Amino acid sequence: MFMLCRTKSYFFKLLVCFILFVASAPFQAAGAERKYSVGLDGGIFLPTGTWKEHPFASRVDQFQKDYVIRFDIEARYWQRLGLGIDFGFIALDAGDWERYAAEQGDAITASASIFYTGIVFKPYLWFDENNLLKLNLGFNIFASSGEEAFGRFTYDYDFLGTDVGFLFGIEYNYILNENIAIALKPAVVLIPTGLEYADGDPDAITGFPLTAGIRFLF
Amino acid sequence: MLAGMLRKYPVYPRMPGKTLLLRASAMVFLLMLSVTISADENLAKMTVVNNTSHYLHVLIGDESYLYISPDRSVTQESEGHTTFVVKVFYSPGQGVSGSAERSFDVAPYREESSGCTHGANGGWECTTSPASPGLEAWSIAPDSLQQASP
């Protein structure tokens, strides 16, 4: 089937071939016993860099660490490579900023988050009967948004938006039995132009999602 | 002789096709250019300038422009005749409060034009349409903002 796909030159045929290729993973003799897996992870997101700082309030982080939830579906094609679709939700805590504004006499409520989805390549670095270590190379669309209420005004954070970015990391799986594995997934997020004020230059959104979870193998 | 050249250089019979393609491309380009020009002519713009020494939040319609630095400005564009509802207030967290709200009726950009028509009395009647800059600006000074919390 792989040869068949390579002989087709039209884009839509390649797309059909790609879908067939994904669906055929369980039937390919690639050497690995489990072809599909689904992961559900949760953990903490640690923002880093200047983007999290408030534009004028020194020593105040407008965005702070909060929780992150990740979900991915992986198909393992070759013994040392899996392809997946990744989804995630990153919450951003604005508590520090709210407290600072209150100290200045302004009562505000603020919230912000990042949703992402994309494709992830998972080269397998090492594995044995119970352990599996792989890279996660994700290319994603990140939709960042935020809202703030101040007095009678409620407004969106115009400096957040939808951008292309990367989510790279390492994933360790400890295989408990035929169907379940425990996963640890430290990673780094980079959205090169993720934050841009109306009168300023863009800044990169960076941070570390550190998650643990469970992986179901099929 | 020409027939001989055409046989010698068989690429020539394909030229009309290429020429058609070029002409079609040129027409599409000109069409896009004219659309662009007409779109520019139909734009109404609203600019808010921060002439205070603090950061401002500016809301124009449903759009927000946050943390506008002193001496900086923001501009919003809209097609056709537009009423911009502009709300401005000091960005929270600066220890200063104040807000203002105004509406601006902005006609789209238009150059001055004139024309004459044959009138009912047999003479010519000439009219001139005034130019419209298509742009309104609101300069926010400290006294523009009421000293009250938003």
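So residue B:136 clears everything in (1) assigned to a loop (DSSP other than H, G, I, E, B); (2) surrounded by 15 or more Cβ atoms within 10 Å (Cβ to Cβ) except one condition, right? Which one?
Just one mismatch for residue B:136, condition (1).
Does at least one position in the stretch A:201-215 carry a residue that is open to solvent by less than 70 Å² (accessible area, probe 1.4 Å), out of contact with any Phe, Trp or Tyr (no Cβ under 6 Å at 6 or more places or on another chain) and at pLDDT below 95?
yes
Would you check if residue A:57 is part of a loop (DSSP other than H, G, I, E, B) and either buried (at least 17 other Cβ atoms within 10 Å of the Cβ) or away from chain B (no Cβ under 14 Å) (or both)?
yes
Give me the residue from the stretch B:44-72 that is among the small types (Gly, Ala, Ser) and open to solvent by less than 60 Å² (accessible area, probe 1.4 Å) and, out of that set, farthest from the other protein chains (Cβ to nearest Cβ).
If we take residues in the stretch B:44-72 being among the small types (Gly, Ala, Ser) and open to solvent by less than 60 Å² (accessible area, probe 1.4 Å), then B:44 is farthest from the other protein chains (Cβ to nearest Cβ).
Please find, among A:129, A:147, the residue that is outside any strand (DSSP E or B) and surrounded by fewer than 18 Cβ atoms within 10 Å (Cβ to Cβ).
Answer to the check: A:129.
Hey, among the residues in the stretch A:140-165 that are touching a Phe, Trp or Tyr at 6+ places or on another chain (Cβ under 6 Å) and more than 14 Å from chain B (Cβ to nearest Cβ), which one's farthest from residue A:43 (Cα to Cα)?
Here the residue is A:163.
Only one of these conditions is not met by residue B:52: (1) modelled with pLDDT under 95; (2) over 19 Å from the mean Cα position of the chain (by Cα); (3) not in a strand (DSSP E or B). Which number is it?
(1)
Within the stretch A:29-45, does at least one residue satisfy the condition of being modelled with pLDDT of 95 or more, open to solvent by 80 Å² or more (accessible area, probe 1.4 Å) and away from chain B (no Cβ under 14 Å)?
yes
Being among the hydrophobic types (A, V, I, L, M, F, W, C) and open to solvent by 10 Å² or more (accessible area, probe 1.4 Å) is the filter; apply it to the stretch B:75-99 and report the residue that is nearest to the other protein chains (Cβ to nearest Cβ).
B:96
Is it true that some residue in the stretch A:104-117 is among the aliphatic types (A, V, I, L, M) and over 24 Å from residue B:90 (Cβ atoms)?
yes
Quick check on my filter: what residues within the stretch A:158-168 are surrounded by fewer than 22 Cβ atoms within 10 Å (Cβ to Cβ) and not β-branched (Val, Ile, Thr)? First the steps, then the outcome.
Of all residues in the stretch A:158-168, those surrounded by fewer than 22 Cβ atoms within 10 Å (Cβ to Cβ) come to A:158, A:161-164, A:166, A:168.
Passing the criteria: A:158, A:161, A:163, A:166, A:168.
What are the residue pairs meeting all of these: first residue in the stretch A:176-193, first residue part of a loop (DSSP other than H, G, I, E, B), second residue open to solvent by 70 Å² or more (accessible area, probe 1.4 Å) and not aliphatic (A, V, I, L, M), Cβ atoms under 9 Å, and 6 or more apart or on different chains?
Every condition considered, the pairs that remain are A:178/A:33; A:178/A:34; A:179/A:34; A:179/A:216; A:179/A:218.
Among B:38, B:114, B:129, which is the only one that is more than 24 Å from residue A:197 (Cβ to Cβ), in contact with a Cys (Cβ under 8 Å, 6 or more places away or on another chain), at pLDDT below 80 and more than 10 Å from chain A (Cβ to nearest Cβ)? Show your work before the answer.
Numbers: B:38 fails: in contact with a Cys (Cβ under 8 Å, 6 or more places away or on another chain); B:129 fails: in contact with a Cys (Cβ under 8 Å, 6 or more places away or on another chain).
Being more than 24 Å from residue A:197 (Cβ to Cβ), in contact with a Cys (Cβ under 8 Å, 6 or more places away or on another chain), at pLDDT below 80 and more than 10 Å from chain A (Cβ to nearest Cβ) holds for just one of B:38, B:114, B:129, which is B:114.
The values are calculated or read from the model by the stated rules, or taken from the named source; none is laboratory data. Keep in mind it's a predicted model, so treat the numbers as computed, not measured. Here the Cβ is made from the backbone with ideal geometry for all residues, glycine too, and neighbour counts use every protein chain on show. Note: areas computed on protein heavy atoms with side chains; ligands, DNA, RNA excluded. Shrake-Rupley method; radii C 1.70, N 1.55, O 1.52, S 1.80 Å.
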